[in-house]
Amino acid sequence: MLELKKLRTLFELSGGKTVTAVDGVSFEIKPGEVVGLVGESGSGKSVTALSIMGLLAANSRVESGEILWDGRNLLELTLSELRKLRGRDIALIFQNPLAALNPVFTIGNQMVETIQEHFSLDYKKSKDLALSWLKKVNIPDPEARFDQYPHECSLGMCQRIMIAITLVMKPRLLIADEPTASLDVTIQAQILHLLAELKDELDMSVLLVSHDMGVVAQQCDRVMVMYLGQIVEEGPTDKIFADPKHPYTKALLRAIPVPDPSKKHAFEPLAGDIPSPLNIPSGCSFHPRCSEKLPGCESQSPGIYSVQGCRVACHLFK
Amino acid sequence: MIFRRILGFIPLIFGITFISFMIMHAAPGDPTMMFVDPSVQIQDMAQVKANLGLDKPVLVQYFFWLKEIGKGNLGFSYVSGQPVLDLLWERLPATLLLSVSSLILILCFTFPLGLLSGYKKDSFFDRAVTFLSFLGMSLPTFWLGLMLLLLFSLRWSLFPTFGFIDPFLEDASLWARAVSVLHHMFLPLLTILIGGLAGLIRFNRFSIIEILSQDYIQAGRARGLSERRLLFKHAFKNAALPIVTILGAGLSGLIGGSFVIEYIFSWPGMGQLGVSAVFARDYPVLMGSILFSSILIMLGNFLADLSYSKIDPRVRIR
């Protein structure tokens, strides 16, 4: 359904310098699949998502590669062709739901305008559809909320509303960019549960972008781990979590706090800082922080190796 | 409550009139010197002053003025002997016509120019608008007014040099008189517009640039909303908020600025009356026009606040 081939996205800085935010990323998402994209902040997860939507900032652009949607390269579409796809086929929800809603229009107004952009429905029918979706995402008293403004709703409620606005078009792929990062843990669980439910009902695929390994472990069929713009490991969720191959994945998993008082070190934070994207280390870009470094790691970038159903970019598996 | 706001105007009016009264009396010059026949003897001058109450202490004079205001009597002009209220009432339409039409035109020009200039940032159009705005901001109004008068009225005789309407059109049709008023109004209006627009367009441009980088615009694009809808609905309403505030505060500038402009173009409004009263030391007329314009300014600010709370749901007047 969606296939990325060697996607490279650059940011142009003042003074003619460029930064490669996404560096040769390839992956595929099949119908009905939930795929997690994890990594530290700055690893290029969100830029990958925005590249797919064609919503990159003015100072960034896709340098090379292909983004195939049902075999059509999205990078070759005109803006109006792309707009028909956005929301209708591929939808995006954001980290901060309050900022993603326009503060000066009512929730109903924004839902109806979205519905009418894609379907030729009159106001009455659009409103009914909007209300039914507000009900579906468990908003109490939808009629009252319909006429309210975003600031009158809680964050969790706003994210439900965002989900309703987004899924009302029944997209085939939902890209959820850190959908729960700004929410309380209990609300987080509710939202994730809701997303999982709606995913089954609409039979859509989900690309879940997150830095939270716990969220990804619960929700995803497949996980891709991203580091400095590259996918370093990819495979079925159970395999990645039970037996991580790449030293970076291992380190990420060790960094999850374990609520077990008998363990002396409940978790082990990742050593070192993420390098500046202006100055990406030579060879394997993870080598300065790697605990299993080999002699060739500084000079040669690793190939991609298939190991027990996973793909790993690491010299250890040559 | 709206009523409380209006009550709050009363102490403000006391303050403004008190300070103006003191400044007026502190300024050198004596009204009696301006209109009394030079052949009058010096001892008779004292009598003239006593008749006008000008021999009393300034504070006493102020309270006397206040008392008469309370009775609805604004006094009589020293120069013409006419009641001040009649003079002002006669002048009010011309002033309102000029300031309201300049306000409307400013709004009509600011939004399209600012919006497009911000949307097409750094384009040729944006650069042209920026250049003209800086030009407009750096030209002093009084100089610009005089130059326009010099070129368009004196050298090329395209517009009349003074007044509100052609005096020979007293009995002409309504249409012919309206055309004549527009003809007379063109240059003063143009002068106000050039000065007033420049800063606002720059401001509007900056708010649009900032708003277009907000999440809700990005989220709108992700839902497939058209650029036109995002710019003219979503960005427009958000950008209108600060403009309304500025215009509310700038209203005083419009009225104050039109004092000078009315004087330059001999526009028979309150401003011209006020400026002439300053030169003639015609205290009652001057105080009357100060009172009137401060009430107008407060009404303007009040209307700005009201409309602000109408367009921004997060603001409610209490």
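The values are calculated or read from the model by the stated rules, or taken from the named source; none is laboratory data. These figures come from a predicted structure and were not determined experimentally. Neighbour counts run over all protein chains shown; Cβ positions are idealised from the backbone, glycine included. Note: areas computed on protein heavy atoms with side chains; ligands, DNA, RNA excluded. Shrake-Rupley method; radii C 1.70, N 1.55, O 1.52, S 1.80 Å.
Filtering A:139, A:191 for residues that are away from chain B (no Cβ under 14 Å), closer than 20 Å to residue A:91 by Cα and in contact with a helix residue (DSSP H, G or I) (Cβ under 6 Å, 6 or more places away or on another chain) leaves a single hit, A:191. Which members of region A:84-105 meet the condition of being without any contact (Cβ under 8 Å) to a residue 24 or more places away in the chain and either outside the structural domain of residue A:46 (by TED's automatic domain parsing) or in a loop (DSSP other than H, G, I, E, B) (or both)? The one that is without any contact (Cβ under 8 Å) to a residue 24 or more places away in the chain and either outside the structural domain of residue A:46 (by TED's automatic domain parsing) or in a loop (DSSP other than H, G, I, E, B) (or both): A:99. Just so you know, in region A:283-315 the residues that are under 19 Å from residue A:226 (Cβ atoms) and of a type in the set (S, T, N, Q) include one that is least open to solvent (accessible area, probe 1.4 Å), and it is A:285. Tallying residues that are more than 17 Å from residue B:209 (Cα to Cα) and surrounded by 15 or more Cβ atoms within 10 Å (Cβ to Cβ) within region B:118-132 yields 1.
Could you look through region A:94-117, keep only residues that are at the interface with another protein chain (Cβ under 7 Å from one of its Cβ atoms) and within 24 Å of the chain's Cα centre (by Cα), and pick out the one that is nearest to residue B:233 (Cα to Cα)? The extreme case among them is A:102.
Of the residues making up region B:41-78, just one is more than 24 Å from residue B:18 (Cβ to Cβ), open to solvent by 70 Å² or more (accessible area, probe 1.4 Å) and either among the hydrophobic types (A, V, I, L, M, F, W, C) or in contact with a Lys or Arg (Cβ under 6 Å, 6 or more places away or on another chain) (or both), namely B:42. Does any residue of region B:260-281 turn out to be among the β-branched types (Val, Ile, Thr) and within 14 Å of chain A (Cβ to nearest Cβ)? Looking for residues that are among the β-branched types (Val, Ile, Thr) and within 14 Å of chain A (Cβ to nearest Cβ), one finds none in region B:260-281, hence no. Of everything in region A:131-164 that is in a loop (DSSP other than H, G, I, E, B) and within 17 Å of residue A:100 (Cα to Cα), the residue that is least open to solvent (accessible area, probe 1.4 Å) is A:153.
Return the residue satisfying two criteria in turn: it lies in region A:248-294 and is among the hydroxyl-bearing types (Ser, Thr, Tyr) and part of a loop (DSSP other than H, G, I, E, B), and of such residues it is nearest to residue A:304 (Cα to Cα). Looking at the filtered set, the residue picked out is A:285. Of the residues making up region A:65-83, those that are in a strand (DSSP E or B) and open to solvent by 50 Å² or more (accessible area, probe 1.4 Å) are A:66, A:72. For region A:149-168, a residue qualifies if it is at the interface with chain B (Cβ under 9 Å from one of its Cβ atoms) and closer than 17 Å to residue A:204 by Cβ, and the qualifying residues are A:162, A:165, A:166.
Screening A:127, A:170 for residues that are assigned to a loop (DSSP other than H, G, I, E, B) and open to solvent by 30 Å² or more (accessible area, probe 1.4 Å) leaves exactly one candidate, A:170.
On inspection, residue A:109 fails the criterion of being open to solvent by 10 Å² or more (accessible area, probe 1.4 Å), in contact with a strand residue (DSSP E or B) (Cβ under 7 Å, 6 or more places away or on another chain) and among the polar types (S, T, N, Q). From the list A:75, A:121, A:129, the one residue that fits, being in contact (Cβ under 8 Å) with a residue 12 or more places away in the chain and either closer than 17 Å to residue A:167 by Cα or within 11 Å of chain B (Cβ to nearest Cβ) (or both), is A:129. Taking residue A:58, is it within 14 Å of chain B (Cβ to nearest Cβ) and open to solvent by 20 Å² or more (accessible area, probe 1.4 Å)? Yes, satisfied. All of (1) among the polar types (S, T, N, Q); (2) at pLDDT 80 or above; (3) surrounded by fewer than 11 Cβ atoms within 10 Å (Cβ to Cβ) hold for residue B:20 with one exception: (3). The number of residues in region A:13-39 being assigned to a strand (DSSP E or B) and within 15 Å of residue A:279 (Cα to Cα) comes to 6. Within region B:278-305, the set of residues being part of a helix (DSSP H, G or I) and either without any contact (Cβ under 8 Å) to a residue 24 or more places away in the chain or open to solvent by 50 Å² or more (accessible area, probe 1.4 Å) (or both) comprises B:278, B:279, B:295, B:299, B:301, B:303, B:305.
When the criteria are applied in full, residue B:222 meets the requirement of being closer than 22 Å to residue B:121 by Cα, crowded, with 21+ Cβ neighbours inside 10 Å, among the small types (Gly, Ala, Ser) and free of Cβ contacts under 8 Å to residues at least 12 places away in the same chain. Checking B:192, B:201 one by one, the residue that is in a helix (DSSP H, G or I), over 19 Å from residue B:261 (Cα atoms) and either open to solvent by less than 50 Å² (accessible area, probe 1.4 Å) or at the interface with chain A (Cβ under 10 Å from one of its Cβ atoms) (or both) is B:201 and no other.
If only residues of region A:246-297 that are among the hydroxyl-bearing types (Ser, Thr, Tyr) and touching a residue at least 12 places away in the same chain (Cβ under 8 Å) are counted, the one that is farthest from residue A:39 (Cα to Cα) is A:282. Please enumerate the residues belonging to region A:169-186 that are away from every other protein chain (no Cβ under 11 Å), of a type in the set (A, V, I, L, M, F, W, C) and within 17 Å of residue A:39 (Cβ to Cβ). Selection gives A:176, A:181.
Yes/no per residue for (1) assigned to a helix (DSSP H, G or I); (2) under 23 Å from the mean Cα position of the chain (by Cα); (3) more than 21 Å from residue B:286 (Cβ to Cβ):
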| residue | (1), (2), (3) |
| --- | --- |
| B:4 | yes, no, yes |
| B:14 | yes, yes, no |
| B:25 | yes, no, no |
| B:28 | no, no, no |
| B:37 | no, no, yes |
| B:46 | yes, no, yes |
| B:51 | yes, no, no |
| B:56 | no, no, no |
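Pairs are defined by a Cβ separation below 7 Å, a sequence spacing of at least 6 or placement on different chains, a first member in region B:60-89 that is without any contact (Cβ under 8 Å) to a residue 40 or more places away in the chain, and a second member that is surrounded by fewer than 16 Cβ atoms within 10 Å (Cβ to Cβ); the pairs so defined are B:64/B:53.
Here residue A:46 meets the list (1) assigned to a helix (DSSP H, G or I); (2) open to solvent by less than 40 Å² (accessible area, probe 1.4 Å) almost entirely, failing just condition (2). Residue count for region B:136-164 satisfying the condition of being open to solvent by less than 60 Å² (accessible area, probe 1.4 Å), at negative phi and not hydrophobic (A, V, I, L, M, F, W, C): 7. Among the residues making up region B:212-241, a single one is more than 7 Å from chain A (Cβ to nearest Cβ), aromatic (Phe, Trp, Tyr) and under 13 Å from residue A:104 (Cβ atoms): B:236.
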